[in-house]
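The values are calculated or read from the model by the stated rules, or taken from the named source; none is laboratory data. Computed from a predicted model, the values in this text were never measured in an experiment. Every residue, glycine as well, gets a Cβ built from its backbone with ideal geometry; the counts of neighbours run over all protein chains shown. Surface accessibility is based on the protein's heavy atoms, side chains included, excluding ligands, DNA and RNA. Shrake-Rupley method; radii C 1.70, N 1.55, O 1.52, S 1.80 Å.
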Amino acid sequence: MLRFLGVLSLCYLGGCASISVSLAPGHSPEAAAYLQEKLLPATVQAQEDYVALARSKLKQSSVSTTQILVAATKANADKAKAAQPTALVVTLNNSFPDVQQTRTVLNPVRASARLLFERAGLDEARRSPEWFVTGITNEIALDVLRGRHGKDTLTERILRSDDEAELRKTEDRLDPVKLLKQRQVKSSGKFTAMANFMAQTLRNQQGENFYPSLANYLRQLAIASSAEQAFQLAFGLTPEVFATQVDRRLEGLREQKRVHAQSLADWEDLDEESGRALLTTKSMRDHFASYEKLASPKAFVRARSGASVSFDDRAEAIPLALEQCATVDPLGCKVISLDGRFVRPVRSPKPEIDVRMASTGDDAWIKEVQSKWMPLLRKTVDHFNEIVQKRLGYSLKESVRIYVVTSREDYSRALRDQLRLSAARAETSASVAGGTSNQRGQMIVALYPNTPPEMLWEVVITRTLHELTHELQGQIQGDSAGFSSARWLEEATADHLAYLVGKELDRDPSAKYVLEDWRESLIEWYRLRGRTLTKPENVMTANGEQWTRQMVERLNPYQMAGIMSVHLADRLGDGYFPAVFRYWALAAKEGEKEEKAFEACFGVSRAAYMVSLKKWLETL
């Protein structure tokens, strides 16, 4: 069954076009939701932009009706093509979100534009050579992309750089002269790179006349005796002269010095053992093994999230790798290898906690937050590292960005735009939570109007410190190569540490507000309400989705996790926080298991702890 997304009926002077966009069958509900929400709106808009370009610049008064099927994987695409042989099937499968979003523009536009040239060739002699169709449709798609994102996009720079790196290789080089007349060419990375390079050469040669000449070419195909004659009449040069221009550019490209454009003085060598330890997952190690075989100049970058990026055989390897990595981890990307050797920064940058207002406008509440509560929030974050380092010997080593929002609508938008949650998850989280951390350098703090000042004062301090503790957890756990730490322990420890740091903040002694005692407030909650809400075992085993469900149902999982943590802290005394930090560190070690780590760090199995907890709760 096809998931119908929409039909564009676009009418201009001279005719109309109809482009339908549907999701190919066979996707999981999660994949279908992701495609429909995150990617396909851009696909639909790009088709509209393409039709407008074809009419205005290529003077095409009738753009053919097109059916586009979008697939997440090659398997889905193959099934769709078998079911709908006449449809254009495009695959949107790239692991980097921002690059993937731009590919939702490029691939469908390339496919639609290809039909324009294929249908213009009325017979075999007037059929455009394959280099021309492949390369020119890529130029058209890049123009649609520029129109949506600005002239300088990461995707375009990566594609151009990939093409040039492919063309510098000496084995099995393609001859542009032979490609000039070939109507059919077996698709390959090398051919695509050459076709794109030739099209860019033609565009550079034509300058501002590129689109007028291209429109003339489409007209000439209808009256010329061959595609070669149409090319000469439209672009004002013979294919042979054009081939000479391509060869000249290729020669210059291949003679370029292969050195890093960026100075390497910012990095120093790291020993092999320490470098290998940074490759914390099998996928990262496999990626690095492939990277080691590639040509220099090259760079390998890893993110806190566990993602990794590499570029090779190009001067801009370092900036491209860092920029693409930033699409999945804006603040946590690091160069760990250059030209095959492990490296580290000569000077580790001091981590910064950047606080910025994500809500916009000039209403009274936003002004009050900016003037009264943002200074307190900044003062709170300024003291976090100092106090945690003093008490526990830990501190944030990576930068953090805090987005402050003043409405649930702004909170939901920040979750979607900054933390890249789906619309459904963002809406649910914004309805039940007042703060969020992705444990990769980004967090949100919500300050809502009509909150009593004494409560808002506590919210600014404890909520900010709670989410900063999650950031500290994330930095200690890394990409959790061993196991995902227990949600209840993460949340309870974040509340506990927020209280301890909050109590030590250098506040005005005359302030009329004071933080509630963490331990006593939880015990009072349990005596009054906790027995009738949720059970400890439901909280102990809850994953992220189950935790959110308990929040939606107002079962107070945070409070139950807190009372569970009170008992664990009572058992361990001063050893509680060191044990928690050891537990998080074990989560980063591949092969470690959560239950064994819990027992090793806290001196009791989870089952025995639960028995002890229930006996203690009976005494309250």
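Summary table below
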{"item": "Subset of the stretch 99-139 that is at pLDDT 85 or above and of a type in the set (Asp, Glu) - its residue that is farthest from the chain's Cα centre (by Cα)", "result": "130"}
{"item": "Set 171, 208, 164: member being acidic (Asp, Glu), within 26 Å of residue 252 (Cβ to Cβ) and touching a Leu at 6+ places or on another chain (Cβ under 8 Å)", "result": "164"}
{"item": "Count of residues meeting criterion [open to solvent by 10 Å² or more (accessible area, probe 1.4 Å), in a loop (DSSP other than H, G, I, E, B) and touching a residue at least 40 places away in the same chain (Cβ under 8 Å)] in the stretch 328-346", "result": "6"}
{"item": "Subset tally (residues that are open to solvent by less than 40 Å² (accessible area, probe 1.4 Å), out of contact with any Ser or Thr (no Cβ under 6 Å at 6 or more places or on another chain) and either of a type in the set (D, E, K, R) or under 21 Å from residue 121 (Cβ atoms) (or both)) for the stretch 195-214", "result": "8"}
{"item": "Test: residue in the stretch 423-434 that is under 19 Å from residue 382 (Cα atoms) and in contact with a strand residue (DSSP E or B) (Cβ under 7 Å, 6 or more places away or on another chain)", "result": "no"}
{"item": "Every residue from the stretch 178-212 that is over 33 Å from the mean Cα position of the chain (by Cα), more than 18 Å from residue 241 (Cβ to Cβ) and in a helix (DSSP H, G or I)", "result": "208, 211, 212"}
{"item": "Helices (runs of 4 or more DSSP H) within the stretch 499-589 that include 1 or more residues among the polar types (S, T, N, Q)", "result": "518-528, 536-540, 544-552, 557-572"}
{"item": "Conditions (1) open to solvent by 30 Å² or more (accessible area, probe 1.4 Å); (2) within 36 Å of the chain's Cα centre (by Cα); (3) closer than 22 Å to residue 117 by Cα; number of the one not met by residue 259", "result": "(3)"}
{"item": "Selection within the stretch 143-157 - open to solvent by 30 Å² or more (accessible area, probe 1.4 Å) and touching a Lys or Arg at 6+ places or on another chain (Cβ under 9 Å)", "result": "152"}
{"item": "Residue count, the stretch 215-255 (criterion: among the hydrophobic types (A, V, I, L, M, F, W, C), crowded, with 17+ Cβ neighbours inside 10 Å, out of contact with any Ser or Thr (no Cβ under 7 Å at 6 or more places or on another chain) and within 15 Å of residue 126 (Cα to Cα))", "result": "5"}
{"item": "Any pair with Cβ under 6 angstrom, 6 or more apart, that starts in the stretch 377-393 at a residue that is on the phi < 0 side of the Ramachandran plot and ends at one that is open to solvent by 50 Å² or more (accessible area, probe 1.4 Å) and in a helix (DSSP H, G or I)", "result": "387/504"}
{"item": "Qualifying residue in the stretch 290-299 (condition: within 30 Å of residue 413 (Cβ to Cβ) and open to solvent by 10 Å² or more (accessible area, probe 1.4 Å))", "result": "no"}
{"item": "Hits in the stretch 262-285 - residues which are surrounded by fewer than 18 Cβ atoms within 10 Å (Cβ to Cβ), closer than 25 Å to residue 166 by Cβ and under 21 Å from the mean Cα position of the chain (by Cα)", "result": "283"}
{"item": "Some residue of the stretch 379-387 being part of a loop (DSSP other than H, G, I, E, B) and open to solvent by less than 30 Å² (accessible area, probe 1.4 Å)", "result": "no"}
{"item": "Residues that are under 16 Å from residue 294 (Cα atoms) and open to solvent by less than 60 Å² (accessible area, probe 1.4 Å), drawn from the stretch 163-188", "result": "163, 164, 165, 166, 167, 168"}
{"item": "Breaking point among (1) modelled with pLDDT of 75 or more; (2) surrounded by fewer than 22 Cβ atoms within 10 Å (Cβ to Cβ), for residue 96", "result": "(1)"}
{"item": "So residue 393, is it open to solvent by 30 Å² or more (accessible area, probe 1.4 Å) and within 30 Å of residue 582 (Cα to Cα)", "result": "yes"}
{"item": "From the options 440, 463, residue that is of a type in the set (D, E, K, R), open to solvent by 30 Å² or more (accessible area, probe 1.4 Å) and at pLDDT 90 or above", "result": "463"}
